[in-house]
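Student: Below is a structure I'd like to ask you about.
The values are calculated or read from the model by the stated rules, or taken from the named source; none is laboratory data. Only a predicted model underlies this, so the values are computations on that prediction, with no experimental measurement involved. Cβ placement follows ideal geometry from the backbone for every residue including glycine, while neighbour counts extend to all protein chains displayed. We work out accessible area using only protein heavy atoms, side chains counted, and drop any ligands, DNA or RNA first. Shrake-Rupley method; radii C 1.70, N 1.55, O 1.52, S 1.80 Å.
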Amino acid sequence: GRKIVIFPEGRLTVTGALMKVYEGPGAIAQMAGAKVLPVRIEGAQYSMFSRMRGKLRLRWFPKITLTFLPPVKFDSPAGMRGAALRDYQADKLYDVMTDMVFRTSNIDQTLFEALLDARATHGGNHRILEDIQRNPVSYDRLVLGSFILGRKMAALTPGHKNVAVLLPNAIGCFLTIFGLQAYGRVPAMLNFSTGAVNMSAACTAAQVSAVVTSRKFIEAGQMQEDLKILAQGRTVIYLEDLRESVGVFDKLFGLYSRTFPASVLRSSGASRDPNSPAVILFTSGSEGVPKGVVLSHRNLHANRHQAAARIAFAAQDIVFNALPMFHAFGLTAASLLPVLAGVRTFLYPSPLHYKVVPELAYDTNATILFGTDTFLMGYARNAHPYDFFNVRLVVAGAERVKPETREVWMEKFGLRILEGYGATECAPVLAVNTPMHYKTGTVGRLLDRIEYRLEPVEGITEGGRLMVRGPNVMLGYLRADTPGVLEPPPDGWYDTGDIVKIDEQGFVTILGRAKRFCKIAGEMISLTAIETKLQAAFPDAAHAVVAVPDRKKGEQLVLFTTAENLERKQLADGLKKDGATELMVPRNILHVKELPVLGSGKTDYVALNRLAREQVKE
């Protein structure tokens with residue numbers, strides 16, 4: 001009946017986040033039949049007695065908060081013994097701890113309020129953002145710049161609710177996002193890699209009548225013709241013009257706003273509701289016309305805190321982000337998460353510069369790198385073995401990480417890639433491998449407070465279609481055929497469209513997209529599984545498989561490959577060595593110089609399906 005206090009980490013944190021959790025406290029609680037009362041101590045890390053000295057802004061009298069959560073009782077499965085029992089107890093206790101970290105995080109505030117909180121915590125002079133101009137800016141500069149820029153944009157968009165943003169990864173893009181929010185506008189982030197037609201459809205869906213961009217960016221990207229189409233019936237606002245129009249009064253207003261931000265926000269029209277729209281992103285269009293995804297402030301905060309509860313971002317880290325902010329991964333995980341957590345972040349405008357990115361990662365002493373499989377393999381092929389000498393975490397998402405990508409990163413740089421999984425509709429991270437919980441071939445364990453269910457799929461015996469619900473799931477869709485009409489997910493459940501299996505430890509394995517399965521002679525075939533076997537059999541080329549109608553068998557397979565001399569017999573022999581059945585061998589082989597990809601690095605299956613239907617007869 002007595003009470004004891006145990007620190008499950010066994011030591012005081014030196015990262016400011018959750019460290020290794022020992023199984024001992026969980027074992028003690030279970031053997032004693034006792035409940036575990038999770039307690040979070042927040043703020044002590046900023047005291048002069050902190051073990052974080054030299055890494056955080058310390059003060060004599062920091063605000064310290066103790067949060068007590070409801071007691072937890074956990075029982076192990078019957079018959080579990082030995083090492084399996086200890087692992088179960090450790091995992092269970094770790095989940096209790098990460099859930100506590102997430103539940104005690106503030107997700108009920110707007111993004112601008114979080115920026116002001118970060119400034120108060122880490123200091124207005126803390127240099128937090130840098131881009132290729134190599135002129136780092138502090139929190140004070142971010143707040144001041146957001147208010148000045150936001151006021152200018154608000155004057156040019158009276159009565160506007162949603163404003164499109166067509167900008168690369170740079171400080172100007174970050175300021176534009178927060179400047180719009182400071183004056184009650186919702187930034188709609190245009191994916192410029194999809195072309196003018198898709199961008200126009202996106203603007204139609206979100207009822208956008210103004211676009212913020214940069215002349216320098218348009219010229220560098222040779223997008224003059226795209227902008228002409230996009231500008232039809234819409235106002236185009238150039239950042240260069242706004243910068244030139246800033247006068248003495250604007251600067252004085254900026255200084256006032258930086259000093260008294262709450263006063264300005266009360267009169268600027270900025271939203272104070274965390275459940276209101278914060279940003280509109282657009283699906284990649286990999287399977288059709290892009291849809292607008294409306295994410296609230298709460299969605300974005302929930303997801304960044306869910307991720308931060310599992311992966312430790314330390315104050316001494318430097319994040320290198322080349323992923324565009326029109327992509328949910330690049331916006332939430334690689335930009336908002338570190339900047340609002342006080343972690344210095346370097347923004348680079350294009351992930352496709354395979355020789356430049358490694359060199360700049362070396363030059364900036366980056367410790368954390370985000371990327372997709374395509375981009376990471378590009379960096380590995382072009383980087384010097386010492387370019388990533390300071391990197392400790394490499395986090396991948398948006399597409400499956402191939403075994404050869406893992407191997408080259410481990411062999412060349414000695415780095416393990418942490419693969420995650422998500423969707424734009426989920427802000428975006430749903431699961432991720434971590435240094436604490438890692439299993440090759442999976443995308444890690446689901447994050448805290450994410451409910452899931454697996455719906456059975458006809459013809460597929462293993463796993464099911466993943467449905468998720470949680471605080472990070474979007475407010476709803478905007479579609480081009482029903483402009484401005486928000487379509488929320490039914491009862492909060494989002495259908496990922498992915499076929500997955502989840503093991504006893506909670507690790508998620510992606511078996512393929514539901515739309516990436518086809519039926520041949522009555523058998524369900526995974527196109528993703530075929531591509532995996534192709535990559536193993538012919539690793540020196542890139543491959544993609546799509547299905548087109550077939551009168552006799554229902555559907556037939558079409559292979560697109562960069563292997564110039566690959567023929568069907570060689571293809572069949574290679575696949576069958578890897579255990580493929582006859583039905584998994586594509587009948588048609590189309591040779592291409594390179595596979596089309598979207599801005600996110602994903603293969604453009606819409607383009608490949610269209611090409612296959614044109615060249616292959618039923």
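Student: Tell me which DSSP H helices of the chain clear both cut-offs, 27 Å or more of axial length from alpha-carbon atoms and a mean Kyte-Doolittle hydropathy of at least 1.6.
Tutor: Membrane-span-like by this criterion, though nothing is claimed about a membrane: none.
Student: Which order do 468, 39, 592 take when ranked by solvent-accessible area (1.4 Å probe, heavy atoms of all protein chains), largest first?
Tutor: Largest accessible area first, the residues go 39, 592, 468.
Student: Scan around residue 512 for amide H atoms under 5 Å from its own, H built in the peptide plane at 1.01 Å from N, and keep only partners 5 or more places away or cross-chain.
Tutor: Placed amide hydrogens put 499 under 5 Å from residue 512.
Student: How much accessible surface area, in Å² rounded to 10, belongs to the heavy atoms of residue 87 with a 1.4 Å probe?
Tutor: For residue 87, the solvent-accessible surface is approximately 90 Å².
Student: Can you tell me the dipole magnitude for the chain around its Cα centre, using point charges on the Cβ only (Lys, Arg +1; Asp, Glu -1), in Debye to the nearest 20?
Tutor: In debye, rounded to 20, the chain gives about 1500.
Student: If we sort 135-145, 447-457, 432-442 on the protection proxy, mean other Cβ atoms within 10 Å, highest first, what's the order?
Tutor: Ranking the peptides 135-145, 447-457, 432-442 by packing returns 135-145, 432-442, 447-457.
Student: Which order do 4, 177 take when ranked by solvent-accessible area (1.4 Å probe, heavy atoms of all protein chains), largest first?
Tutor: Of 4, 177, the descending order of accessible area is 4, 177.
Student: Something else about it: How high is the FRET efficiency between residue 19 and residue 359 when r is their beta carbon distance and R₀ equals 35 Å, given to the nearest 0.05?
Tutor: 0.60
Student: If you place +1 on the Cβ of every Lys and Arg, -1 on the Cβ of every Asp and Glu, and leave all else neutral, what size is the dipole of segment 216-256 about its Cα centre, to the nearest 20 Debye?
Tutor: With Lys and Arg at +1 and Asp and Glu at -1, about 120 debye.
Student: Mind grabbing the accessible area of residue 421 for me, 1.4 Å probe, Å², rounded to tens?
Tutor: Only protein atoms counted, so the area is about 30 Å².
Student: Restricting to segment 190-306, what percent of DSSP beta bridges are antiparallel, rounded to 5?
Tutor: 55
Student: Return one whole number: the accessible area per residue of segment 41-120 in Å², for a 1.4 Å probe.
Tutor: Here the residues of segment 41-120 average 57 Å² of exposed surface.
Student: Right, here's the next one. Rounded to the nearest 10 Å², what accessible area does residue 510 have for a 1.4 Å probe in the complete protein model?
Tutor: Estimated to the nearest 10 Å², residue 510 gives 60 Å².
Student: Which value does Rg/Rh take for the chain over its C-alpha atoms, Rh per Kirkwood?
Tutor: 0.97
Student: For segment 490-618, what relative contact order do you get, as a whole percent, if you take Cα pairs closer than 8 Å and at least 6 residues apart?
Tutor: Here the relative contact order equals 19 percent.
Student: Same structure, new question: Return the sequence-ordered ³J(HN,Hα) values of segment 464-471 in whole Hz as given by the Karplus equation 6.51 cos²θ - 1.76 cosθ + 1.60 applied to θ = phi - 60°, using x for Gly and Pro.
Tutor: Ordered by residue, 3J(HN,Hα) equals x, 7, 7, 10, 10, 8, x, x Hz.
Student: Amide H of residue 318 versus every other amide H placed in the peptide plane: which residues, excluding those fewer than 5 positions away on the same chain, fall under 5 Å?
Tutor: Amide H neighbours of residue 318, under 5 Å, 5+ apart: 367, 368.
Student: I would also like to ask the following. Using the Cα centre of the chain as origin and beta-carbon charges of +1 (Lys, Arg) and -1 (Asp, Glu), tell me which of 31, 246, 456 is placed farthest towards the positive end of the dipole.
Tutor: Sorting the options by dipole projection puts first 31.
Student: Kindly sort 60, 493 by accessible area of their heavy atoms, largest first, with the probe set to 1.4 Å.
Tutor: 60, 493
Student: With +1 assigned to the C-beta of every Lys and Arg and -1 to the C-beta of every Asp and Glu, and no other charges, what is the dipole magnitude of segment 443-494 about the Cα centre in debye, to the nearest 20?
Tutor: 180
Student: While we're on this one: Give the percent of DSSP beta bridges with both residues in the chain that are antiparallel, rounded to the nearest 5.
Tutor: 60
Student: Further, regarding this structure: What are the ³J(HN,Hα) couplings of segment 430-435, residue after residue, when phi is run through the Karplus curve with 6.51, -1.76, 1.60 and θ = phi - 60°? Round to Hz, x for glycine and proline.
Tutor: Per-residue couplings from phi come out as 10, 8, 7, 6, 10, x Hz.
Student: Hey, another quick one. For residue 355, which lysines qualify as cross-link partners when the Cα separation must be under 19 Å and same-chain residues fewer than eight apart are set aside?
Tutor: Candidates past the 8-residue exclusion: 412.
Student: Kirkwood Rh over Cα pairs of segment 465-618 into Stokes-Einstein at 10 °C, 1.306 mPa s: D in µm²/s?
Tutor: 90
Student: Based on the alpha-carbon gyration tensor of segment 1-150 and its eigenvalue square roots a ≥ b ≥ c, which shape applies: rounded if a/c is under 1.5, prolate if not and a/b is larger than b/c, or oblate?
Tutor: Taking the square roots of the gyration eigenvalues as a ≥ b ≥ c, segment 1-150 is prolate.
Student: Moving on to the next point. How much mean residue ellipticity at 222 nm does the chain get from its helices, if each DSSP H run of length 4 or more adds -39500 (n - 2.57) and you divide by all residues, to the nearest 500 deg cm²/dmol?
Tutor: Roughly -9500 deg cm²/dmol at 222 nm, from the helical runs in the chain.
Student: Mind checking which lysines have their C-alpha under 28 Å from residue 35, skipping anything on the same chain fewer than 8 residues away?
Tutor: Counting by Cα, and skipping residues close in sequence, residue 35 has these lysines nearby: 3, 20, 73, 92.
Student: Okay, moving on. Between 293, 435, 15, whose Cα lies farthest towards the positive end of the dipole of the chain when Lys and Arg beta carbons carry +1 and Asp and Glu beta carbons carry -1, centred on the Cα centre?
Tutor: It is 15.
Student: Also: Less than 14 Å from a label point 7 Å out along the Cα-to-Cβ axis of residue 588: which backbone N atoms in segment 541-570 qualify, by residue?
Tutor: 545-561
Student: Given the options 532, 473, 413, identify the residue whose Cα lies farthest towards the positive end of the charge dipole of segment 377-536 (+1 on Cβ of Lys, Arg; -1 on Cβ of Asp, Glu).
Tutor: Positive-end residue among those listed: 413.
Student: Right, here's the next one. Amide H of residue 419: which non-local residues (sequence gap of 5 or more, or other chain) have their own amide H closer than 5 Å, using H built in the peptide plane?
Tutor: Amide H to amide H, under 5 Å and 5 or more residues apart or across chains, residue 419 pairs with 396, 433.
Student: Given 216/402; 291/553; 552/576; 402/593; 533/593; 501/552, which pairs have Cα atoms separated by over 27 Å?
Tutor: 216/402; 291/553; 501/552
Student: Something else now. How large, in percent, is the carbon and sulfur part of the accessible surface of the chain at a probe radius of 1.4 Å?
Tutor: That share works out to 52 percent.
Student: Give the accessible surface of segment 508-598 per residue, rounded to a whole number of Å², with probe radius 1.4 Å and ligands, DNA and RNA excluded.
Tutor: Averaged over the residues of segment 508-598, the accessible area is 51 Å².
Student: Summing +1 for each Lys or Arg and -1 for each Asp or Glu, what net charge is found among the other residues whose Cβ lies under 12 Å from the Cβ of residue 92?
Tutor: Its environment carries a net charge of -4.
Student: Another one. Using a 1.4 angstrom probe, figure out how much accessible area segment 204-330 has per residue, in square angstrom, rounded to the nearest whole.
Tutor: Ligands and nucleic acids excluded, the figure is 42 Å² per residue.
Student: When ranked by the protection proxy of mean other Cβ atoms within 10 Å per residue, highest first, what sequence do the peptides 247-255, 331-339, 606-614 form?
Tutor: Final packing ranking: 331-339, 606-614, 247-255.
Student: Quickly rank 344-351, 556-563, 380-387 as a protection proxy: mean count of other C-beta atoms within 10 Å, highest first.
Tutor: Packing order, densest peptide first, comes out as 344-351, 556-563, 380-387.
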